[in-house]
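First up is the structure itself, then whatever we jot down about it.
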Amino acid sequence: MRSVGRGHKMLSDKALKDIGEAIEGLDYPSESDEPFNIVQPTGAIEGVAGTVEGFFDGLRDSEDWKRFESLKRVLETYLTNLKVVRNGKIRVDVYVVGQDPDGKWAGVHTVSV
């Protein structure tokens, strides 16, 4: 598990643990089956915004659907204003992010090819 941030912790230890457990060994199904990692961006994430419902609905046919459903629940537990941001054309960075209780952005990142 890799966390991206600028040297200051934003998510609680419990949130980091629970999100980390939800993504451990979970790959996003695409041509490259990329893993997820925790992100805590300190600036804006540029890209095309989408809905969390649309992102997870697109994973319903995955053999890991139950795990994706669990990840969604964990993110909804710790973050509000959840959204999906996609950036790129061929190698697409996918962020599922929301705001923690202090209003700071956090979530998970993967890559779709």
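Some values worked out for this structure:
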quantity	calculated
Listed pairs LYS14/LYS83; LYS14/LYS72; LYS66/LYS104; LYS14/LYS104 exceeding 20 Å between Cα atoms	LYS14/LYS83; LYS66/LYS104
Sequence-distant residues sharing a close amide H with GLY50 (under 5 Å, placed H)	VAL84, VAL85, ARG86
For SER32, net neighbour charge (Lys/Arg +1, Asp/Glu -1) across residues whose Cβ lies under 13 Å away	-4
10 Å binning of all Cα-Cα separations within the chain, expressed as whole percents from 0 upward	14, 52, 31, 3
Relative packing of 101-112, 53-64, 73-84, which averages over residues the other C-beta atoms within 10 Å, highest first	101-112, 73-84, 53-64
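Coordinate-derived values only; no laboratory data. Computed from a predicted model, the values in this text were never measured in an experiment. Positions of Cβ are generated from backbone atoms using ideal geometry, with glycine treated the same way; all protein chains shown enter the neighbour counts.
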